[in-house]
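Written below as structure tokens is the structure these notes are about.
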Amino acid sequence: MKPRRGGASRGYEEMDGANVPTYGGTRNGTSSGGPPSNDPSSPINNNNNSVVGGGVPPEFELASVSVVPDDTFTVTQAVNALGFGWFQVKLSLCVGLCWMADSMEMTILSVLGPALHCDWGITRYQQALVTTVVFLGMMLSSTFWGHLSDRYGRKPALTLCGVLLFLYGLLSSVAPSFGWLLLLRGLVGFAIGCVPQSVTLYAEFLPTKQRAKCVVLLDCFWALGACFEVALALAVGPNLGWRWLLGLSAAPLFAFAVITPWLPESARYHVTSGQSDKALTTLEQIAKDNKRPMLLGRLVVEGPSGSRGSFKALLGSSLRRTTLLLWFIWMSCAFCYYGLVLMSTELFGGKNKTITPDTENDCHPLATTDYMDLLWTTLAEFPGIFATIYVIEKFGRKKTMALQFLFYAGCVLLITVTEVRVFLTIILFMARGVIAGLFQAAYVYTPEVYPTALRSVGVGGCSALARLGAMATPYIAQVLFQTSIWSAVSVYGFFAVCASVACMLLPYETRGTDMGQ
């Protein structure tokens, strides 16, 4: 693809023959009164450098045509040609802040339950309900946000998400009763349901060669948010309580809400919605930020766009198998990830004993050593991320996810064979790293396998099923775990093995492929 020449009209191409001089009343070598001449000496058929048609040299004739009719390009070609540069770096920081805020709201669930148990005397089932209601809001809103993003754009949806998430997060810190807290945390979950759309927006601006690495590296912000939340809980929780912890945790949400007006809208969305001029403006901004020449030609749509935002299309004949398998994979991934987070708190908090009527309302607040062990296991996400970057490019998306599910199953089963705190920390460290990398591998694969017209609603549907798994996990990790550790870890091992099989049954491997428009 050639760079755009200075002065060329953006998004337009000249008609065939435009700016091509005629030769004494002829056009394309045909006189106005008869057929073209076959005389080799005719200036029209002369291929040497002599002057033709009244002194116009042939090279001037070619130079006068600024764009040829079939010189077109797609958003995929433009993004690949413009490469990775300052534009993507800025977008990484914006999307990363959103991801960090989401991580903090999720991580706080592991310490909020025990704090409420001590402060308000809530039962184990009520602790599980605090976690479940957040994921219920996320599940109910995922398809809503996906549909909104595909209809009106990724940027408006993320802007609304940032504002609502900050508002409900702050109000949660002043909830007067358990019922109000449940309502507000449910609304927090409703707003969080839009966060996966930030990954969709991010992936659509990444060149094919860098896409998998960049999306997986985005999980660094998630891990950073989780570590920051544990450190914040360690500093604030014992002295100021859970209300201050909830309030301070909303700070990154405020920062994200402020910067959302500067987020770029997806060029792929603009093209599929018939707004090619806006898409070209965005692509030119990428070229400017990355210091690359803009492409020459006319921007065109690649692939159909008639079923934009249609949830029904996800279950069409061409996508049904992929969609159903991905739904189960995402559900199992969230079930296993958040289950491990909650089990870590139970293990380090000294709660791994059988519940009796006399111990149901005992208060066992997390100690400093418990927070430190939680911080160590959370740090495991960083090596998990970098290992996934290597494996996902070497073995592909499907095999990577399948192997990670099997490794996770082996780790959680090892929890039952030791009670030594150091060994438990090591086991949880390995399991946390692999399941964190697995979650990001799923985020790499899913936007790649769906076309642009269905990408947001496809990711939203997967996110909704993931929340269903997350809704169920507190009753295993916080309730069943107290009755029988073996039963709880066996459930997680079973789902991980089944999900590994589902990964291998996926019909498409997307490594090295362009994102279809």
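The values are calculated or read from the model by the stated rules, or taken from the named source; none is laboratory data. This one's a predicted model, so the numbers in the text were calculated from it and none came from an experiment. Note: ideal-geometry Cβ built from the backbone for every residue, glycine included; neighbour counts use all protein chains shown. Just the protein is used for accessible areas: all its heavy atoms, side chains included, with ligands, DNA and RNA removed. Shrake-Rupley method; radii C 1.70, N 1.55, O 1.52, S 1.80 Å.
Provide the per residue accessible area, probe 1.4 Å, for segment 187-279, rounded to a whole number of square angstrom.
Averaged over the residues of segment 187-279, the accessible area is 32 Å².
If you average 1/r over all unlike Cα pairs in segment 120-219 and invert the result, what Kirkwood radius do you get in angstrom?
It works out to 14.9 Å.
Sorted by average packing, counted as other Cβ atoms within 10 angstrom per residue and highest first, what order do 291-299, 155-163 take?
On the way: 291-299: 18.0, 155-163: 21.6.
The peptides rank, most packed first, as 155-163, 291-299.
Which cross-chain or sequence-distant (5 or more) residues have an amide H under 5 Å from the amide H of S266, H modelled 1.01 Å from N in plane?
Amide H to amide H, under 5 Å and 5 or more residues apart or across chains, S266 pairs with R154, K155.
Using θ = phi - 60° and the Karplus curve 6.51 cos²θ - 1.76 cosθ + 1.60, what whole-Hz ³J(HN,Hα) does each residue of segment 408-425 get, with Gly and Pro shown as x?
Per-residue couplings from phi come out as 4, 4, x, 5, 5, 5, 5, 4, 7, 9, 8, 10, 6, 4, 5, 5, 4, 4 Hz.
Multiply the residue gap between R243 and F386 by 0.36 nm, knock off their C-alpha separation, and tell me the result in nm, one decimal place. Don't skip to the answer; put the middle values down first.
Numbers: separation 143, 0.36 × 143 = 51.48 nm, distance 3.50 nm.
So the chain would gain 48.0 nm between R243 and F386.
Remind me, relative contact order of segment 108-228 in percent, using alpha carbon pairs under 8 angstrom and six or more residues apart?
With pairs under 8 Å counted, the relative contact order is 28 percent.
Label points 7 Å out from Cα along the Cβ direction at S487 and V89: separation in nm?
It works out to 5.5 nm between the two label points.
Pop a pseudo-label 7 angstrom from the Cα along the beta-carbon direction at both S317 and E284 and give the gap in nm to one decimal.
Label at S317, label at E284, 4.4 nm between them.
Taking amide hydrogens as modeled 1.01 Å from N in the peptide plane, which residues meet the under 5 Å criterion relative to R298, leaving out close sequence neighbours?
T72, F73
Using R₀ = 22 Å, calculate the FRET efficiency as 1/(1 + (r/R₀)^6) where r is the Cβ-Cβ separation of W120 and R421; round to 0.05.
The value I calculate is 0.15.
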